[in-house]
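The values are calculated or read from the model by the stated rules, or taken from the named source; none is laboratory data. Note that this is a predicted model, so its numbers are computed, not measured. So basically every Cβ, Gly included, is an ideal-geometry build from the backbone, and we count neighbours across all protein chains shown.
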Amino acid sequence: MKKILSTLLISSVVFGGAQAVMAQDIVGATDADITVNGTLGADNTDPGSTIPEKDVDWINVTVPTDTIFYNKVSEPAIKAPTYDIVNHSGRPVMVSVNRFVDAAGVTNPTLPNDFDLNLDVTGNNVTAASTKLIDQGVLNKPTNELITLANGVDQYTKNDTAVAASSAMNNKATFTYSGTATASTPLKLGYTLSLRFDSVAF
């Protein structure tokens, strides 16, 4: 007599980037039925989308294309506008510094020995409020987590109450630059700040 001796249920969790699903052991039988679910045109702003957890396709973030900082001969304090980072995704997103380097094709001049440049982040769930990019005239090349943004409807977990996307607050962060430097003549500088985005599984 044909028998299915066991059925193994594995909860839907992530192991090494691959999503585990319910599994069945077929023993003493010649066939098995497997459910197939698909999505065409998956919307990564919808928390209910069937995109695998932690998949890069969840990333939907708006950041500025270019940013500036400056100071004046008479005022060594670095000044900069405030810039926004906004997560539109259906999953929370962790934002990290990936690298801070000289811009491609740019040879920066020798920097003042007292030149300090910081990346300052403001928002909810901040990990590093200030990250040193340049320390005493030397590029620091940091790689560290900055903040975890809620999803586009203000959820950090699927149990959090969703709000209208227009009312979301915790999916946004701002950043700016601070520091000091002594400059007796103008120095034109060019750098690339690379941010990393990782979706956070519900």
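Some observations on this one:
- Within region 78-99, tally of residues that are surrounded by fewer than 21 Cβ atoms within 10 Å (Cβ to Cβ), under 22 Å from residue 130 (Cβ atoms) and within 16 Å of the chain's Cα centre (by Cα): 7
- Condition check for residue 154: out of contact with any helix residue (DSSP H, G or I) (no Cβ under 6 Å at 6 or more places or on another chain) and surrounded by fewer than 18 Cβ atoms within 10 Å (Cβ to Cβ): no
- Within region 129-147, the set of residues being within 17 Å of residue 84 (Cα to Cα), more than 15 Å from the chain's Cα centre (by Cα) and crowded, with 16+ Cβ neighbours inside 10 Å comprises just one member, 131.
- Taking region 81-154 as the region of interest, the strands (runs of 3 or more DSSP E) fully inside it that hold 1 or more residues being touching a residue at least 60 places away in the same chain (Cβ under 8 Å), farther than 30 Å from residue 49 by Cβ and of a type in the set (Val, Ile, Thr) are 93-102.
- Counting residues in region 18-37 that are assigned to a loop (DSSP other than H, G, I, E, B), more than 30 Å from residue 190 (Cβ to Cβ), at pLDDT below 75 and touching a strand residue (DSSP E or B) at 6+ places or on another chain (Cβ under 9 Å) gives one or more.
- All positions within region 43-73 that are under 10 Å from residue 90 (Cβ atoms) and loosely packed, with under 13 Cβ neighbours inside 10 Å: 43, 48
- Set 118, 113: member being over 21 Å from residue 60 (Cα atoms), touching a Lys or Arg at 6+ places or on another chain (Cβ under 6 Å) and at pLDDT 95 or above: 118
- Failed item in (1) at pLDDT 95 or above; (2) touching a helix residue (DSSP H, G or I) at 6+ places or on another chain (Cβ under 7 Å), with residue 95 passing the rest: (2)
- Residues of region 172-187 that turn out to be of a type outside the set (Ser, Thr, Tyr) and in a strand (DSSP E or B), as a count: 4
- Members of region 155-166 that are among the aliphatic types (A, V, I, L, M) and without any contact (Cβ under 8 Å) to a residue 24 or more places away in the chain: 163, 164
- Which listed residue, of 199, 184, 194, is surrounded by fewer than 13 Cβ atoms within 10 Å (Cβ to Cβ), within 13 Å of the chain's Cα centre (by Cα) and touching a residue at least 40 places away in the same chain (Cβ under 8 Å): 194
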